[in-house]
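A short worksheet on the structure shown next.
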Amino acid sequence: MKKALISDWYYVNGGAEKVIHSINSIWDDFDHFALIDFLSDEDRNFILNGKKVKTSFIQKLPTAKKNHRKFLQLFPIAIEQFDLSDYDLIISSSSAVAKGIKTHKNQLHICYCHSPMRYAWDLKDQYLKDAGLDKGLKGIYAKSVLNKIKKWDLSNSEDVDFFIANSNHIAQRIKNTYGRESIVIYPPVDVDFFSLEEKKEDYYFTASRLVSYKKTQLIVEAFNELPHLKLIVAGDGPELEKLQKIAKSNIEFVGFIENGKLKVLMQKAKAFVFAAEEDFGIIPVEAQACGTPVIALAKGGTLETVIANKTGIFFEGQFAQKIKEAVLNFETKVFDPKLIREHALSFSKQRFEKEMKEFVETKFKEHQESLKTR
């Protein structure tokens, strides 16, 4: 069969790209499509086995590499320009517009959905505020654009044959948003790379892109109130300078770090602190693979990946005070790194690749049989 794999975009090596890497490990004969591709050669070799990506006209627009999201209103047009009519199987990896590609009845389209489009649905107000588009004429225009995209996003959901959700949390959102059922296949975590370390050191650790919805500022504010406890913050982003200005001396910023150093900091931390509401959240599972307990928001994907009082503890609500209370509670508890590691193994790459292969090949076989009876 002729296969196409379409992603929203390629510009970083993040959680969605780890999914793409594993899908390419199952089948090595995909043709690749995306709105943009600004990957480094190293990342392209890892994610796509060095293969080229056919991109949209957005790739050539001025400043697309620096800020592709400014062209949001063009995304639907750009994704629909791809001619995939010759492909038998199409897999879309979508958290924005990839699932909106045009298909016909003889093709099988399976969408691995990281989330329904956040811009159009649950994060619309935050997106407008962060972009400075929540007021005035620009705000009116931006809201109009998002409302149109919302209608487009809902209408093309009907053209997906099967949805795979990356968590039960997202499966429920797919049902609420699109009225569609989905199966859950948790994304792959490299539990072999993030190996067990039983000997912990006296610091807490957090790592993420430093953007507003990750809520790293709340973690910093909490540890400002805990001057006797050390926090190390890894990551880069638009909030870095602001966070450095408000942080007290017990908080250390290490910026963007390579995977090797990230692993060591994760392995030796007494706990990993996570305040974002994520669809799944790969990095808390990577921490647990190191035998490191997690202090996490009791919402989103972490409710499915962290076991309360066994592999970590939860706090209710995105408030600095709640994080502070959770850290003080954590200080009174003892966790077993081996047990934490054992739990993380259930989210391995091998498990993902086995489940994904079985589901896709079964559905493709059923689809081919149905074509014979038409």
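Listing for the model above:
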{"quantity": "Qualifying residue in segment 75-90 (condition: of a type outside the set (Gly, Ala, Ser), touching an Asp or Glu at 6+ places or on another chain (Cβ under 6 Å) and touching a residue at least 40 places away in the same chain (Cβ under 8 Å))", "calculated": "no"}
{"quantity": "Any hit, segment 27-45, residues being crowded, with 17+ Cβ neighbours inside 10 Å, without any contact (Cβ under 8 Å) to a residue 40 or more places away in the chain, closer than 21 Å to ASP153 by Cβ and not hydroxyl-bearing (Ser, Thr, Tyr)", "calculated": "yes"}
{"quantity": "Output for segment 200-219, where each listed residue is of a type outside the set (S, T, N, Q) and touching a strand residue (DSSP E or B) at 6+ places or on another chain (Cβ under 6 Å)", "calculated": "TYR203, TYR204, PHE205, ALA207, ILE219"}
{"quantity": "Residue within segment 265-274 that is out of contact with any strand residue (DSSP E or B) (no Cβ under 9 Å at 6 or more places or on another chain) and free of Cβ contacts under 8 Å to residues at least 40 places away in the same chain present", "calculated": "no"}
{"quantity": "Residue in segment 335-345 that is surrounded by 13 or more Cβ atoms within 10 Å (Cβ to Cβ), touching an Asp or Glu at 6+ places or on another chain (Cβ under 9 Å), under 28 Å from GLY291 (Cβ atoms) and among the hydrophobic types (A, V, I, L, M, F, W, C) present", "calculated": "yes"}
{"quantity": "Residue ID - nearest to ASN13 (Cα to Cα), chosen from residues in segment 277-316 that are at pLDDT 95 or above and of a type in the set (Gly, Ala, Ser)", "calculated": "ALA287"}
{"quantity": "Qualifying strands (runs of 3 or more DSSP E) (wholly inside segment 116-226; at least 2 residues being touching a Leu at 6+ places or on another chain (Cβ under 8 Å) and at negative phi)", "calculated": "204-207"}
{"quantity": "Failed condition for PHE163, given (1) surrounded by fewer than 21 Cβ atoms within 10 Å (Cβ to Cβ); (2) free of Cβ contacts under 8 Å to residues at least 60 places away in the same chain; (3) not small (Gly, Ala, Ser)", "calculated": "(1)"}
{"quantity": "Matching helices (runs of 4 or more DSSP H) fully within segment 1-89 where at least 1 residues are under 30 Å from LYS354 (Cβ atoms) and of a type in the set (Asp, Glu)", "calculated": "15-26, 41-48"}
{"quantity": "Boolean, LYS365 is basic (Lys, Arg), modelled with pLDDT of 95 or more and either out of contact with any Pro (no Cβ under 9 Å at 6 or more places or on another chain) or crowded, with 21+ Cβ neighbours inside 10 Å (or both)", "calculated": "yes"}
{"quantity": "Residue within segment 310-317 that is in contact with a Lys or Arg (Cβ under 8 Å, 6 or more places away or on another chain), of a type in the set (Val, Ile, Thr) and in a strand (DSSP E or B) present", "calculated": "yes"}
{"quantity": "Any chance ASN309 is on the phi > 0 side of the Ramachandran plot and either in contact (Cβ under 8 Å) with a residue 12 or more places away in the chain or hydrophobic (A, V, I, L, M, F, W, C) (or both)", "calculated": "yes"}
{"quantity": "Residues satisfying the stated conditions in segment 60-86, i.e. of a type in the set (S, T, N, Q) and either closer than 23 Å to LEU146 by Cβ or within 22 Å of the chain's Cα centre (by Cα) (or both)", "calculated": "THR63, ASN67, GLN73, GLN81"}
{"quantity": "Unique match (being in the same structural domain as THR103 (by TED's automatic domain parsing) and out of contact with any helix residue (DSSP H, G or I) (no Cβ under 6 Å at 6 or more places or on another chain)) among ASN45, ASN13, ASN49", "calculated": "ASN45"}
{"quantity": "Leading residue by the ranking (farthest from the chain's Cα centre (by Cα)) among those in segment 30-50 that are of a type in the set (D, E, K, R) and at pLDDT 95 or above", "calculated": "ASP31"}
{"quantity": "Candidates TYR204, TYR186, TYR178 - the one that is surrounded by 16 or more Cβ atoms within 10 Å (Cβ to Cβ), out of contact with any Ser or Thr (no Cβ under 8 Å at 6 or more places or on another chain) and modelled with pLDDT of 95 or more", "calculated": "TYR204"}
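The values are calculated or read from the model by the stated rules, or taken from the named source; none is laboratory data. Here the structure is a predicted model, which means the values were calculated and not measured. Backbone-built Cβ (ideal geometry, glycine too); neighbour counts: all protein chains shown.
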